[in-house]
Amino acid sequence: AASAMEEVLRRTVVPLPAYEIQGKSPPVPESNSMEFINFYRSLETSQKVAFLEKVSQEFGVDHQAVAELALKLVESQKRDAATMLQAEDRLRYYLTPRYLALFGHISRVEGGMKFLLDLRGDVIEALAAKATDSPHIRGLNATLKSMLSEWFSVGLLKLERITWKSPCELLQKISQYEAVHPVRNWTDIKHRVGPYRRCYAFTNGAMPGEPLVFLHVALTEEITDNIQTIFGGRTSQELTEDEKKVKAAVFYSISSTQVGLQGVELGNYLIKRVVRELQSEFPSLDQFSSLSPIPGFTVWLLGLLNQQRNDGRRSKILMDTEWQEIERLVGSPAPERLRKLLSTNEWVHSEQLMDILKPILMRLCSWYLYGEKHRSYALNQVANFHLQNGATMWRLNWKADMSPRGISASCGMMVNYRYFLPDIGANSAKYLRTKVIEASEQILNLVSQFQKNSKL
Ligand SMILES: CC(C)(COP(=O)(O)OP(=O)(O)O)[C@@H](O)C(=O)NCCC(N)=O
């Protein structure tokens with residue numbers, strides 16, 4: 001297999017033309033790219049990793065040449081500017097990995113762009129699975145990401161509105177790629193593109209019909225605080241839209257479809273682009289917010305209850321008075337009973353227990369969103385996404401998603417990340433620089449309740 005790989009690579013990864021004849025070398029035949037594509041596609045996953053390690057290591061930068069040129073550059077600093085600039089340009093050229101030209105050629109053949117996306121997807125998955133720790137592969141990933149960022153820059157992408165009249169295969173793709181609220185049947189997807197709903201996707205001319213990232217919006221009179229309102233059956237008369245009723249746009253689902261575009265931040269750009277689109281369609285629209293799930297909260301809470309339960313003493317995340325109230329309802333030992341009720345969703349069958357738990361779970365969830373960190377950024381990835389976009393952590397909603405999924409994920413709670421348009425630029429820069437989370441009074445009060453009443 002190694003020799004077959006060598007063979008193919010030697011034939012398809014053309015050497016970097018000498019600096020003097022760059023741009024004048026004969027065009028590379030498309031057959032080169034097709035041979036590379038077909039060979040790569042014929043490999044098993046494990047072989048793909050080995051192949052990519054070989055490409056990145058043996059067909060990347062000529063480190064020897066670069067070292068010599070770097071020395072020459074240092075020498076040239078004593079000469080005139082033209083000589084120095086020449087030396088810099090020569091060094092820059094030889095820092096170009098050989099495989100970069102190969103990727104460029106591949107991007108220009110039919111299906112080549114999709115192939116490169118899938119290839120970067122394989123690289124990302126191999127790195128995530130720790131199937132490789134080759135620094136050369138990381139370099140290849142970075143090179144490919146920057147090439148894809150050029151080819152998929154927003155100015156070159158097309159914004160497509162998806163409606164019930166869109167091609168079946170596009171509606172089917174949207175349904176299959178949906179990553180937040182699974183589409184169960186045609187009725188679901190018909191509602192999500194029907195009256196008072198919008199669905200937009202970015203597409204690239206090189207991959208027509210392939211939604212790269214798509215966003216679902218509900219057009220409402222006020223910012224929705226629960227998902228059932230958005231999915232609930234609407235009375236049939238609302239077949240047309242009364243634009244005077246459209247005052248808020250609620251983003252309730254966004255999904256990227258290409259792993260290979262990770263880090264290109266298309267989701268962020270799509271939200272901003274859709275805001276502009278909706279503002280032009282509905283001049284009265286002045287509220288923009290997400291209605292977001294809080295994946296991971298229940299698991300985090302159960303972990304907390306678990307670790308705090310030592311030698312029978314009650315965990316400090318609840319006050320003794322709260323434990324007593326709970327004990328009266330669920331019996332003792334309350335921590336054990338409560339953990340069980342939470343892990344099986346049983347607790348939602350008792351209104352009394354829900355009422356007791358409401359202030360407790362809301363302050364714990366606020367802390368999970370606001371206080372729990374991963375490398376100083378918000379631990380919860382959905383929060384981190386919207387905060388990076390410049391949104392404000394605006395409102396935590398009780399009983400917002402009472403589906404089994406919603407209860408298992410976050411004890412039925414959802415959160416609105418509000419996009420105050422004039423502030424998003426500054427908010428985004430501040431969050432990325434200082435990691436400080438922009439939050440509303442409600443959130444800050446809940447967080448201070450947590451800090452007063454719960455001991456982590
Ligand atoms: C939230 C999404 C769309 C962000 O994608 P994007 O803006 O392209 O960010 P990035 O992956 O380029 O950093 C993406 O991470 C995704 O599809 N996540 C799973 C579904 C979800 N909405 O959490």
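The values are calculated or read from the model by the stated rules, or taken from the named source; none is laboratory data. Computed from a prediction, not measured in an experiment: that's the story for all the values here. Please note: Cβ atoms are built from the backbone with ideal geometry, for glycine as well, and neighbour counts cover all protein chains shown. Accessible surface is based on the protein model in full, side chains and every heavy atom, while ligands, DNA and RNA are left aside. Shrake-Rupley method; radii C 1.70, N 1.55, O 1.52, S 1.80 Å.
Measure nothing but the geometry: give the 0 to 90° angle between the long axis through the Cα atoms of 45-58 and the longest principal axis through the Cα atoms of the chain, rounded to 10°.
The helix 45-58 is inclined about 50 degrees to the chain.
What do you get for trypsin sites (Lys or Arg not before Pro) in the range 327-427 restricted to DSSP loop and a cutoff of at most 12 other Cβ within 10 Å of the site's Cβ? Spell out each step's value before the answer.
Numbers: sites: Arg328, Arg337, Arg339, Lys340, Arg363, Lys373, Arg375, Arg395, Lys399, Arg405, Arg418; in loops: Arg375, Lys399.
Answer in residue order: Arg375.
Using DSSP to call loops (not H, G, I, E or B), can you name the GluC sites (Glu not before Pro) in the range 38-121 whose Cβ has at most 13 other Cβ atoms within 10 angstrom?
Details: sites: Glu44, Glu53, Glu58, Glu68, Glu75, Glu88, Glu110; in loops: Glu44, Glu110.
In loop regions of the range 38-121 (DSSP not H, G, I, E or B), the sparsely surrounded GluC sites (Glu not before Pro) are Glu44, Glu110.
If you count the DSSP beta bridges with both ends in the chain, what percent of them are antiparallel, to the nearest 5?
Working: 27 of 32 bridges.
Given both bridge residues lie in the chain, the antiparallel proportion sits at roughly 85 percent.
How far is helix 297-308 tilted, in degrees, relative to the longest principal axis of the Cα atoms in the chain, given as a value from 0 to 90 rounded to the nearest 10?
Value to nearest ten degrees: 70.
Taking only C-alpha pairs under 8 Å that are 6+ residues apart, what is the relative contact order of the chain in percent? Could you put the intermediate results ahead of the total?
Numbers: 624 pairs, mean separation 53.2, N = 456.
Value for the chain: 12 percent.
In degrees, nearest 10, range 0 to 90: what is the angle between the Cα axis of helix 334-343 and the longest Cα principal axis of the chain?
Approximately 50 degrees, to the nearest 10.
For the range 115-124, in order, what is each residue's ³J(HN,Hα) by Karplus, 6.51 cos²θ - 1.76 cosθ + 1.60 with θ = phi - 60°, in whole Hz (x at glycine and Pro)?
Residue by residue, the range 115-124 yields 4, 5, 4, 5, 5, 5, x, 4, 5, 4 Hz.
With contacts defined as alpha carbon pairs under 8 Å and 6 or more residues apart, what's the relative contact order of the range 185-290 in percent?
Here the relative contact order equals 29 percent.
Using the Karplus equation 6.51 cos²θ - 1.76 cosθ + 1.60 (θ = phi - 60°), what ³J(HN,Hα) coupling, rounded to whole Hz, does each residue of the range 196-204 give in order, writing x for Gly and Pro?
Computed from phi, the couplings for the range 196-204 are 6, 9, 9, 9, 10, 9, 8, 10, 10 Hz.
With +1 on each Lys and Arg Cβ and -1 on each Asp and Glu Cβ, and nothing else charged, work out how big the dipole of the chain is about its Cα centre, in Debye to the nearest 20. Mind dumping the intermediate values first?
Values: 55 positive and 50 negative charges, 136 e Å.
I would put it at about 660 debye.
List the trypsin sites (Lys or Arg not before Pro) within the range 137-195 that fall in a DSSP loop (any state other than H, G, I, E or B) and whose Cβ has at most 16 other Cβ atoms within 10 Å.
Values: sites: Arg138, Lys145, Lys158, Arg161, Lys165, Lys173, Arg184, Lys190, Arg192; in loops: Lys165, Arg184.
Sites meeting the loop and neighbour criteria: Lys165, Arg184.
Counting Lys and Arg as +1 and Asp and Glu as -1, each charge on the Cβ, what is the dipole of the range 26-162 about the Cα centre in debye, to the nearest 20?
Numbers: 17 positive and 18 negative charges, 57 e Å.
Approximately 280 debye in magnitude.
Accessible area per residue for the chain in Å², computed with a 1.4 Å probe and the full protein assembly in place, what is it? Mind dumping the intermediate values first?
Working: 22420 Å² over 456 residues.
Per residue, the chain has an accessible area of 49 Å².
Rounded to the nearest 500 deg cm²/dmol, what is the calculated helix-only ellipticity per residue at 222 nm for the chain, with -39500 (n - 2.57) per DSSP H run of length n ≥ 4?
Working: 20 runs with 240 residues, N = 456.
That calculation yields -16500 deg cm²/dmol at 222 nm.
Just the number, please: carbon plus sulfur as a percent of the accessible area of the chain, 1.4 Å probe, no ligands or DNA/RNA counted. Don't skip to the answer; put the middle values down first.
On the way: 12080 of 22420 Å².
That share works out to 54 percent.
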